[in-house]
1. Ordered by residue, what ³J(HN,Hα) values in Hz, to whole numbers, does the stretch 174-185 give under the Karplus form 6.51 cos²θ - 1.76 cosθ + 1.60, where θ = phi - 60° and Gly and Pro are x?
2. Return P(r) of the stretch 165-227 (all Cα-Cα pairs; 5 Å bins starting at 0; whole %; ordered from short to long distances).
3. Pull up all non-local amide H partners of Phe225: gap of 5 or more, or a different chain, and H-to-H distance under 5 Å with H placed in the peptide plane.
4. Amide H to amide H under 5 Å from Phe81: which residues, 5+ apart in sequence or cross-chain, H placed 1.01 Å off N in plane?
5. Over the alpha carbons of the stretch 96-223, what is the largest minus smallest coordinate on each principal axis, giving the biggest first in Å?
6. Kindly put Tyr202, Tyr170 in sequence by how many other C-beta atoms sit within 10 Å of each C-beta, fewest to most.
7. Using the Karplus curve 6.51 cos²θ - 1.76 cosθ + 1.60 with θ = phi - 60°, what ³J(HN,Hα) values do you get for each residue of the stretch 216-227, in whole Hz, with x for Gly and Pro?
Amino acid sequence: MKTNDLPYCFLIFFMLFFQSCDDPLENNRRIIVTGQFFDEDQNPIAEIPIRTEAQEIYLGEGTSDATGSFEYASLETYRNFDIVVNPPETQNSIYSSVIYSSQYNNSMRENIDRYDLGIVTLRRTAKLDFSIIKTTSASDTLRWTISFPQASCSYSFTQKVSNAEIFTCYEEDFLGGSQTPARPDLDTEITSLLGQEAVFTYSINSSAEERLIIPLNSPNNTFDFEY
């Protein structure tokens, strides 16, 4: 092989490689996603983002209006896809998030071009600024967990999203760890549901476990634990 032929060989290789990549999108096919967002008091919620995605590829997005209603066009895909309400990175942090995940293949949705979510109720969230602070010189080890309701729901559906089944919804989540003399302090933030409780369980060295209840009665809450 001549040296001058090498660039052409690499060009052919890359062309074949990219042609073999699996394109998840249906050719020039669109779907419509509609619905309406309300809070727990049945008030419409504006400015809630919603999008359709498949394996981290964004297919379409929209935002609710003053009546809580939304309607947007999305690219279609032959893969399973998600309809994500209030995505974490664009989240209206006052309200919870919801994910609807499709669970069917392309042949099952050939004649489906509209997905109506109907009325979607979102719950108000509460932030907890959670800190552990060592205030003594003793060489203590603190073992701890904190449990709290998640601020999200997940549903799965086959053909009609209105018949979606609950996968998980506002279930208990938790964080945990150990604070040692080498790493005595901690500062983090938790997102849960307004009006609920977080439970902090801890033990110092070999002592018996103790529990503290943290009410989440405000949109922004603070809990500092000193040991």
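Just so you know, all these numbers are worked out from the coordinates, no wet-lab data involved. Keep in mind the model is a prediction, meaning the values are calculated, not measured. Glycine gets a Cβ as well: all are built from the backbone with ideal geometry, and neighbour counts include every protein chain shown.
1. For the stretch 174-185, the Karplus-derived couplings read 7, 10, x, x, 10, 10, 10, x, 6, 9, x, 10 Hz, x marking Gly and Pro.
2. 3, 11, 24, 23, 17, 11, 7, 2, 1, 0
3. Ser131, Ile132, Ile133
4. Ser102
5. Principal extents (Cα only, largest first): 69, 30, 22 Å.
6. If I rank by nearby Cβ atoms, fewest first, I get Tyr170, Tyr202.
7. 10, 8, 10, x, 10, 10, 10, 9, 10, 10, 10, 9
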